[in-house]
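This report refers to the structure that appears directly beneath it.
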Amino acid sequence: MLLGWVVALIVVVGSAVAVLVRRDRRRYGVSADGQRIERAATRGMREARRDTRVVREWSGASVIRSVRDRDS
């Protein structure tokens with residue numbers, strides 16, 4: 001029983017360390033092109049979430065076109 005808790009603790013701590021290391025790597029050493037690509041990807045993800053929310057609220061596939069036309 002104690003071994004299970006130890007294994008669970010190791011998994012949780014290992015996961016937390018992996019997340020922090022990944023974030024740290026993203027923060028440093030990113031070139032100007034890398035930053036531009038990250039901003040574009042973030043913007044694309046934001047637009048996709050917005051489109052999904054609009055379709056869910058209004059429940060229509062043609063809604064995305066009208067929202068994009070409105071925003072242009």
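The values are calculated or read from the model by the stated rules, or taken from the named source; none is laboratory data. Quantities reported herein were computed from a predicted structural model and do not represent experimental measurements. Cβ coordinates were reconstructed from backbone atoms using ideal geometry, including for glycine residues, and neighbour counts include every protein chain displayed. Surface areas here come from the heavy atoms of the whole protein model, side chains and all, with no ligands, DNA or RNA. Shrake-Rupley method; radii C 1.70, N 1.55, O 1.52, S 1.80 Å.
Hey, any hits in segment 54-70 for a residue that's surrounded by fewer than 10 Cβ atoms within 10 Å (Cβ to Cβ), assigned to a helix (DSSP H, G or I) and at pLDDT 80 or above? No, segment 54-70 contains no residue that is surrounded by fewer than 10 Cβ atoms within 10 Å (Cβ to Cβ), assigned to a helix (DSSP H, G or I) and at pLDDT 80 or above.
The conditions of being modelled with pLDDT of 80 or more, of a type outside the set (Phe, Trp, Tyr) and either open to solvent by 100 Å² or more (accessible area, probe 1.4 Å) or touching a strand residue (DSSP E or B) at 6+ places or on another chain (Cβ under 6 Å) (or both) are met by residue 39.
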